[in-house]
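Only one structure is covered here, and it is reproduced in the block below.
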Amino acid sequence: MHAIDAISDEKSGTDSARRKAANGRTDERPPFSVFLSGVMQGSNADNSLHAQDYRQHLRDIITAAHPEAEVVCPAELNPDSVAYDNEAARRAFMGELDLAAETDVLVAYAPVATMGTAVEMYRAYAAGRLVFTVSPMTTNWAVRFLSTRVFGDLAEFEAFVRDGDLGRTVAERAS
């Protein structure tokens, strides 16, 4: 199965056993799901990517406090996306936008301007999802107006999660 096909399977629910196994759980529905949005190509004019190590760091922060959370990472779903042809890239991009709108929480990492992240943030915002953004660009309108809350750096976001504020905010939204 190609990574882009996994998006369709996840959307339809046919791949739920794989997701549960990957997250180490056997429950039917996780208390909440998190979409990891963030800079990939940014303003690069070629197919090079920004470092993606922040994704594992965000996953570690979230799962340390919330091992029950389902964390969805588009870079993991599409590890070779820069090599996709136009049709495969379009399917992957549109599928990722759908996932951003379907998860309970979107965590956006935007140390620099990133158009894909901005579109994912908008889709999540428009769907009424929580959007937590890690970015120094606090005056940027997309960051300011699409975010539930903005964190200046990863340490600030980590304190928010570790102190239980992520779980409380998700629970408040659900009630």
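Of note:
- Filtered residue count, the stretch 112-142, keeping only those that are out of contact with any helix residue (DSSP H, G or I) (no Cβ under 8 Å at 6 or more places or on another chain) and not aromatic (Phe, Trp, Tyr): 9
- Residues that are charged (D, E, K, R) and modelled with pLDDT under 95 within the stretch 83-121 comprise Asp85, Glu87, Arg90, Arg91, Glu96, listed in sequence order.
This table checks each residue for (1) assigned to a loop (DSSP other than H, G, I, E, B); (2) buried (at least 23 other Cβ atoms within 10 Å of the Cβ).
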residue	(1), (2)
Arg90	no, no
Glu96	no, yes
Gly116	no, no
Arg123	no, no
Thr138	yes, no
Arg144	no, no
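- Tally of residues being part of a loop (DSSP other than H, G, I, E, B) and under 23 Å from Pro31 (Cα atoms) across the stretch 98-114: 2
- Looking across the stretch 146-175, the residues that are under 15 Å from Phe32 (Cβ atoms), among the β-branched types (Val, Ile, Thr) and buried (at least 16 other Cβ atoms within 10 Å of the Cβ) come down to Val161, Thr169, Val170.
- Filter result (without any contact (Cβ under 8 Å) to a residue 60 or more places away in the chain and under 12 Å from Val107 (Cα atoms)) within the stretch 135-175: Ser135, Val143, Leu146, Ser147, Thr148, Arg149, Val150, Phe151
- Tally, over the stretch 58-88, of residues that are more than 14 Å from Leu166 (Cα to Cα), surrounded by fewer than 16 Cβ atoms within 10 Å (Cβ to Cβ) and in contact (Cβ under 8 Å) with a residue 40 or more places away in the chain: 3
The values are calculated or read from the model by the stated rules, or taken from the named source; none is laboratory data. Since we're looking at a predicted model, the values are computed, not measured. FYI the Cβ positions are ideal-geometry reconstructions off the backbone, even for glycines, and counts take in every protein chain you see.
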